[in-house]
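The next block holds one structure in the form of structure tokens; read it before the comments.
The values are calculated or read from the model by the stated rules, or taken from the named source; none is laboratory data. Computed from a predicted structure; not experimentally measured. Backbone-built Cβ (ideal geometry, glycine too); neighbour counts: all protein chains shown.
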Amino acid sequence: MKFEPTPLAGVVLIEPEEVEDPRGWFARVWCADEFARHGLDARFVQSSLSFNARRHTVRGMHYQIPPSREAKLVQVTAGRIFDAVADLREGSTTFRNVFTVELDARAPRLLYVPPQCAHGFQTLEDATTVLYCFTQAYEPKWSRSMHWRSPALGIAWPESGDVVISDADRDAPP
């Protein structure tokens, strides 16, 4: 696995190293020892899938407040997404900065999102599935959202017109 730092402190792109043969390829996407060597929490306690039937579906921007230490590992298993992370950690060298990246199941990369960073995505294809691994079980009392089009974030989303979005995400505060 290749660990590639991003412009946001602690946000890391992980590129599996594919081993090919006549059947296709095989790649390791998680290894506790390798994550630890790169300073990433690898004690995942919960996994979730998000299936998104339609292109331009938006989920986010979601985060957990302290005392939660929820980090997440994000991987697209079918389809393609525009993924966004906003650093909400006061005292971070990249506080209030945003990082965006396209994740595609056909060119598998994973995104590690540290605690107190808001995360969201917009699907770029129909029938897109996203796998999340979390370092803490979901705790509703620590869960927060910010509006995906918040001017404070300034994210240049691929589509802002005909999106599929939950009422909670549509009504999230800026």
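Per-residue answers, yes or no, for (1) of a type in the set (Asp, Glu); (2) touching a Phe, Trp or Tyr at 6+ places or on another chain (Cβ under 9 Å):
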{"residue": "Leu13", "(1), (2)": "no, yes"}
{"residue": "Pro22", "(1), (2)": "no, no"}
{"residue": "Cys31", "(1), (2)": "no, no"}
{"residue": "Arg37", "(1), (2)": "no, yes"}
{"residue": "Asp41", "(1), (2)": "yes, yes"}
{"residue": "Ser47", "(1), (2)": "no, yes"}
{"residue": "Pro66", "(1), (2)": "no, yes"}
{"residue": "Thr77", "(1), (2)": "no, no"}
{"residue": "Ile81", "(1), (2)": "no, yes"}
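Can you pull out the strands (runs of 3 or more DSSP E) entirely within the range 110-172 that have at least 2 residues that are within 12 Å of the chain's Cα centre (by Cα) and surrounded by 15 or more Cβ atoms within 10 Å (Cβ to Cβ)?
Counting at least 2 such residues, we get 110-113, 117-123, 128-134.
Would you please list the contacts, defined by Cβ atoms under 6 Å and residues six or more apart or on different chains, that run from a residue in the range 56-72 that is under 24 Å from Asp126 (Cβ atoms) to a residue that is among the β-branched types (Val, Ile, Thr) and part of a loop (DSSP other than H, G, I, E, B)?
Filtered contacts from the range 56-72: His56/Val163; Val58/Val163; Val58/Ile165.
For the range 1-106, which fully contained strands (runs of 3 or more DSSP E) count at least 3 residues that are under 17 Å from the mean Cα position of the chain (by Cα), surrounded by fewer than 12 Cβ atoms within 10 Å (Cβ to Cβ) and not aromatic (Phe, Trp, Tyr)?
Strands (runs of 3 or more DSSP E) meeting the threshold: 46-52.
All but one of (1) among the small types (Gly, Ala, Ser); (2) at pLDDT 95 or above; (3) within 24 Å of Ser47 (Cα to Cα) hold for Ala137, so report the exception by its number.
For Ala137, the exception is condition (2).
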